[in-house]
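Read through the structure below, which is laid out as structure tokens, and then see the notes.
The values are calculated or read from the model by the stated rules, or taken from the named source; none is laboratory data. Given the structure is predicted, the values throughout are model-derived calculations rather than measurements. Positions of Cβ are backbone-derived with ideal geometry, glycine not excepted, and every protein chain shown enters the neighbour counts.
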Amino acid sequence: MNEIIKEIEQAQLKEAAPEFHVGDTVRVYGKIKEGNRERIQVFEGTVLKRQGGSNRETFTVRKTSNGIGVEKTWPLHSPNVEKIEIVRLGKVRRAKLNYLRDRVGKKAKVKELVK
């Protein structure tokens, strides 16, 4: 039984899932259906958390829009996520950045990782 579930989940995985971490600034291209039309909308922000595994893995991205914090959570292997671009790498020491929700302005920034 367990092997059957693993085979089904392996078939649903994307081949080219990008390598990004918590704290990185990413640009997510998501498909949006409006009636019978389909378009791509870009959402750019900081990755707050990644959770789950296999084909159930999700990630949460936060941005501020007109002074209001907006968060979206996407499944990593969803067909509704067209592509994910890494804009800049962040230097963090936490697995989940929930403390960024309480911060405003320059304090809400994540340091950039210089390689």
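Odds and ends about this structure:
Residues checked against (1) at pLDDT below 90; (2) aromatic (Phe, Trp, Tyr); (3) under 25 Å from residue 103 (Cα atoms); (4) assigned to a loop (DSSP other than H, G, I, E, B):
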position: 23; (1), (2), (3), (4): no, no, yes, yes
position: 59; (1), (2), (3), (4): no, yes, yes, no
position: 79; (1), (2), (3), (4): yes, no, no, yes
position: 82; (1), (2), (3), (4): no, no, no, no
position: 86; (1), (2), (3), (4): no, no, yes, no
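- Taking the criterion of being of a type outside the set (D, E, K, R) and over 20 Å from residue 74 (Cβ atoms), the residues of the stretch 12-39 that qualify are 35, 36.
- Conditions (1) in contact (Cβ under 8 Å) with a residue 40 or more places away in the chain; (2) over 17 Å from residue 21 (Cα atoms); number of the one not met by residue 44: (2)
- The stretch 64-115, residues that are within 15 Å of the chain's Cα centre (by Cα), under 16 Å from residue 50 (Cα atoms) and basic (Lys, Arg): 72, 96
- Selection from the stretch 33-60 of residues that are surrounded by 15 or more Cβ atoms within 10 Å (Cβ to Cβ) and farther than 30 Å from residue 2 by Cα: 43, 45, 46, 47, 48
- For the stretch 78-88, the set of residues classified as surrounded by fewer than 17 Cβ atoms within 10 Å (Cβ to Cβ) and touching a residue at least 40 places away in the same chain (Cβ under 8 Å) consists of 79, 80, 82, 83, 85, 86, 87, 88, listed by residue number.
- Once the stretch 61-77 is narrowed to residues that are of a type in the set (S, T, N, Q) and assigned to a strand (DSSP E or B), the residue that is surrounded by the most Cβ atoms within 10 Å (Cβ to Cβ) is 64.
- Residue check for residue 39: within 22 Å of residue 112 (Cβ to Cβ) and either assigned to a helix (DSSP H, G or I) or not aliphatic (A, V, I, L, M) (or both): no
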